[in-house]
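**Student:** I have a structure I would like to understand better, so I am pasting it below and will then ask my questions one at a time.
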Amino acid sequence: MANSYLNKTPSSSSNRKTFTFSCWFKKSTAGSGQYGRLFSCYSDSNNRDEIYFHPTNDTINIESVVSSSAIVNFTSNKKFRDTNGYYHFVYAVDTTQATESNRVKIYINGVQETSWSVSTYPSQNADLNFNNNIIHYIGRSGYNSGSNSYFDGYMSHVSFVDGQALAPTSFGETDSTSGIWKFKSPSGITWGTNGFHLKFENSGALGTDSSGNSNTFAVNGNL
């Protein structure tokens, strides 16, 4: 059972209306009872954000609960059960947008996901919990600290961009020969105050931030 994660509390809150989270991940199991948290933050049970996989049906779920109200709530129709290769996930938020569907965009392997069984968009100019000065977790839930709250698998090139809602092409590209979506080293990105890029290249310092911001995460568990 997975029990490893990273965590950090930003020294100050920054842009909670506009940001991008990107990561590459490979699942070790499917339908295993693991909630599979990719990224979460937590103040209390009434104020929290989470990106996770459902423990039995492997849908991807995104929630933002502010003052007890779910202002963002998405559940995919698609099941994510492949344990052989890496997925690329991008969560781009810009609540300043006038058009509701432009305020949250989710991409898998470079393609915008549009098939949702639940799709609750935030109101215009809403502040989410991500990028607040509360504890943030990679690979674990803050809301549920039980044994099933961890991500069971591998993660690479986890990025957070503070102040911009970016397209997946900032982090990946289509291979001209195979047509497969592949990693592209992010360059020319303005990361913002709380932005980070965790490459996981150094096994002795997996939480090291390579964005230039020194927003390094603490490492926990048996990594």
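The values are calculated or read from the model by the stated rules, or taken from the named source; none is laboratory data. Because the structure is a prediction, the values reported are computed rather than measured. Positions of Cβ are backbone-derived with ideal geometry, glycine not excepted, and every protein chain shown enters the neighbour counts. These area figures cover heavy atoms from the full protein model, side chains too; ligands, DNA and RNA do not enter into them. Shrake-Rupley method; radii C 1.70, N 1.55, O 1.52, S 1.80 Å.
**Student:** For segment 188-202 and segment 68-94, write down the distance between their C-alpha centroids in whole Å.
**Tutor:** Using only Cα atoms, the two centres lie 21 Å from each other.
**Student:** For the pair GLU201/ASN77, report the inter-label distance in nm, with labels modelled 7 Å from Cα in the Cβ direction.
**Tutor:** In this crude spin-label approximation the distance works out to 4.2 nm.
**Student:** Straight-line reach from LYS17: which aspartates and glutamates have Cα under 17 Å away, leaving out those fewer than 8 places along the same chain?
**Tutor:** Reachable aspartates and glutamates: ASP49, GLU50, GLU63, ASP94, GLU100, ASP127, ASP162.
**Student:** Still on this structure, please answer the following. Tell me, what HN-Hα J-couplings in whole Hz come from the Karplus equation 6.51 cos²θ - 1.76 cosθ + 1.60 at θ = phi - 60° for each residue of segment 86-98, using x for Gly and Pro?
**Tutor:** 8, 9, 10, 10, 10, 10, 10, 10, 8, 6, 6, 5, 6
**Student:** For the chain, what class follows from the C-alpha gyration tensor (a ≥ b ≥ c being the square roots of its eigenvalues): rounded when a/c is under 1.5, otherwise prolate if a/b is larger than b/c, else oblate?
**Tutor:** Rounded, because the longest to shortest axis ratio a/c is under 1.5.
**Student:** Using θ = phi - 60° and the Karplus curve 6.51 cos²θ - 1.76 cosθ + 1.60, what whole-Hz ³J(HN,Hα) does each residue of segment 189-195 get, with Gly and Pro shown as x?
**Tutor:** Result, ordered by residue: 8, 8, 6, x, 4, 9, x Hz.
**Student:** Got the relative contact order for the chain handy, in percent, Cα pairs under 8 Å and 6 or more residues apart?
**Tutor:** 29
**Student:** Taking only C-alpha pairs under 8 Å that are 6+ residues apart, what is the relative contact order of segment 113-223 in percent?
**Tutor:** Relative contact order comes out at 18 percent.
**Student:** Also, I was wondering about something else. State, as an integer percentage, the relative contact order of segment 104-176 based on alpha-carbon contacts under 8 Å between residues 6 or more apart.
**Tutor:** Details: 23 pairs, mean separation 21.4, N = 73.
Value for segment 104-176: 29 percent.
**Student:** Now, a different point. First check a/c for segment 154-223, with a ≥ b ≥ c the square roots of the eigenvalues of its C-alpha gyration tensor; if it is under 1.5, answer rounded, and if not, answer prolate when a/b is larger than b/c or oblate otherwise. Walk me through the intermediate numbers first.
**Tutor:** Details: a/c = 2.66, a/b = 1.32, b/c = 2.01.
Here segment 154-223 falls in the oblate category.
**Student:** Dipole of the chain, Cα-centred, from +1 at each Lys and Arg C-beta and -1 at each Asp and Glu C-beta, to the nearest 20 debye?
**Tutor:** That gives the chain a dipole magnitude of about 200 debye.
**Student:** Starting from the Cα of LYS184, draw a straight line to each of the lysines and keep only those under 24 Å, dropping any in the same chain fewer than 8 residues away.
**Tutor:** LYS26, LYS27, LYS105, LYS199
**Student:** In square angstrom, rounded to the nearest 10, how much accessible surface does ASP152 have for a 1.4 Å probe?
**Tutor:** Here the residue's solvent-accessible area equals roughly 40 Å².
**Student:** Right, next: Less than 14 Å Cβ to Cβ from PHE74, Lys/Arg counted +1 and Asp/Glu -1: what total charge do the surrounding residues give?
**Tutor:** Charge balance near PHE74 sits at -2.
**Student:** Continuing with the same structure: Please give every one of the aspartates and glutamates within straight-line cross-link reach of LYS79, meaning a C-alpha to C-alpha distance under 14 Å, and leave out same-chain neighbours fewer than 8 residues apart.
**Tutor:** Candidates past the 8-residue exclusion: ASP58, GLU113.
**Student:** A follow-up question, please. Can you compute 3J(HN,Hα) from phi for each residue in segment 102-107, using the Karplus curve 6.51 cos²θ - 1.76 cosθ + 1.60 with θ = phi - 60°, rounded to whole Hz and x for Gly and Pro?
**Tutor:** 8, 7, 9, 10, 10, 10
**Student:** Protein chains only, probe 1.4 Å: how do ARG16, ARG48 rank by accessible area, largest first?
**Tutor:** Details: ARG16 50, ARG48 30 Å².
The ordering from most to least exposed comes out as ARG16, ARG48.
**Student:** 5 Å is the cut-off here: which amide hydrogens, built 1.01 Å from N in the peptide plane, fall below it relative to LYS199, excluding neighbours closer than 5 in sequence?
**Tutor:** SER210
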